[in-house]
Amino acid sequence: LKLENIAVITSDPSNGTVSTKTGVLAENGSELILGNAVSVKNFKVGIAARNKSLIRQDISGSVSFNAVTYCGTGVLVSENSQAALSSFMVSGAWESAYIVNQQSEGTFTACTAVGSGLDGFVSKRNSNLIAIRSISAYNFQDAAVDFVASKEGGIGFGSRLNSNLESIGCLSFRNGFGYYSDKNSSMNISSCDAMDNIIRAISVAECSSAVVGPYFHSSGDAVGHAISDGSSSRLYDVSFTASGQDAANG
């Protein structure tokens, strides 16, 4: 299936609630090709690939614009599926922006995750996520149920449950955790910045490992780098400016 110059939007006109389904779905060995100008709004999951399926873009030499706004999860790649996206934007997701789950792989180049209720870019359950020159910002509410209950625990870029994260040239700004790895996972972070993250710039926990550098910079984060629970981390060419002070969340 190829989509181009199309918007997929839903709501219940009687009460304005969003759909509990998926906006665009590729499953059972299918392929979804995104051309220029594809937008999805007001679904539980915006765009998804499940069960050995593929999401890719056909930009044909031009700069494409694809966006998912106000969905529960922006882009979901699960069950041995793959995704390769460039210049993609997810904003206002009330859960996570990009999830790579259940032995899947996702490569996101120059993508943006802004204002999610939970996380920006996360790989889970034996998956691999590659983020190149991407931005994750203002993902700081830990699945808040309303605008008052803010636990401030969202992840900018992360790997969880035996997964891996490769982050190159990325910026994690004003998230709960800038870069996060737990439960036997790993991450490699190079040429990246973390700024004003409310809990930690980098967190390596629960028997995980990380290689940070070269050229990693943390500025104004509540904690620059934290290692716990039998984890290991290697840092080189790393700098911290005004980190370890009070969180910049005022």
### Task
Of all residues in region 20-33, count the ones that are open to solvent by less than 40 Å² (accessible area, probe 1.4 Å), aliphatic (A, V, I, L, M) and out of contact with any Asp or Glu (no Cβ under 7 Å at 6 or more places or on another chain).
3
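Which ones in region 181-195 are among the charged types (D, E, K, R) and open to solvent by less than 30 Å² (accessible area, probe 1.4 Å)?
Within region 181-195, the first condition is being among the charged types (D, E, K, R), and the residues that meet it are 182-183, 193.
ASP182 - this is the single residue of region 181-195 that is among the charged types (D, E, K, R) and open to solvent by less than 30 Å² (accessible area, probe 1.4 Å).
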### Task
State whether the residues of region 54-62 include one that is surrounded by fewer than 20 Cβ atoms within 10 Å (Cβ to Cβ) and among the basic types (Lys, Arg).
yes
### Message
Suppose the filter is open to solvent by less than 70 Å² (accessible area, probe 1.4 Å), in a strand (DSSP E or B) and either modelled with pLDDT of 90 or more or under 26 Å from GLY154 (Cβ atoms) (or both); does ALA93 pass it?
### Response
no
### Task
Pick out the one residue from PHE140, PHE157 that is at pLDDT below 90 and either touching a helix residue (DSSP H, G or I) at 6+ places or on another chain (Cβ under 6 Å) or buried (at least 18 other Cβ atoms within 10 Å of the Cβ) (or both).
PHE140
### Query
Restricting to region 96-114, what's the tally of residues that are part of a strand (DSSP E or B) and either among the acidic types (Asp, Glu) or buried (at least 21 other Cβ atoms within 10 Å of the Cβ) (or both)?
8
### Query
Which numbered condition trips up GLY117, out of (1) surrounded by fewer than 23 Cβ atoms within 10 Å (Cβ to Cβ); (2) at pLDDT 90 or above; (3) within 17 Å of SER91 (Cβ to Cβ)?
(2)
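The values are calculated or read from the model by the stated rules, or taken from the named source; none is laboratory data. No experiment lies behind these values; they were computed from the predicted model shown. Cβ: placed from backbone, ideal geometry, glycine included. Neighbour counts: every protein chain shown. Surface areas here come from the heavy atoms of the whole protein model, side chains and all, with no ligands, DNA or RNA. Shrake-Rupley method; radii C 1.70, N 1.55, O 1.52, S 1.80 Å.
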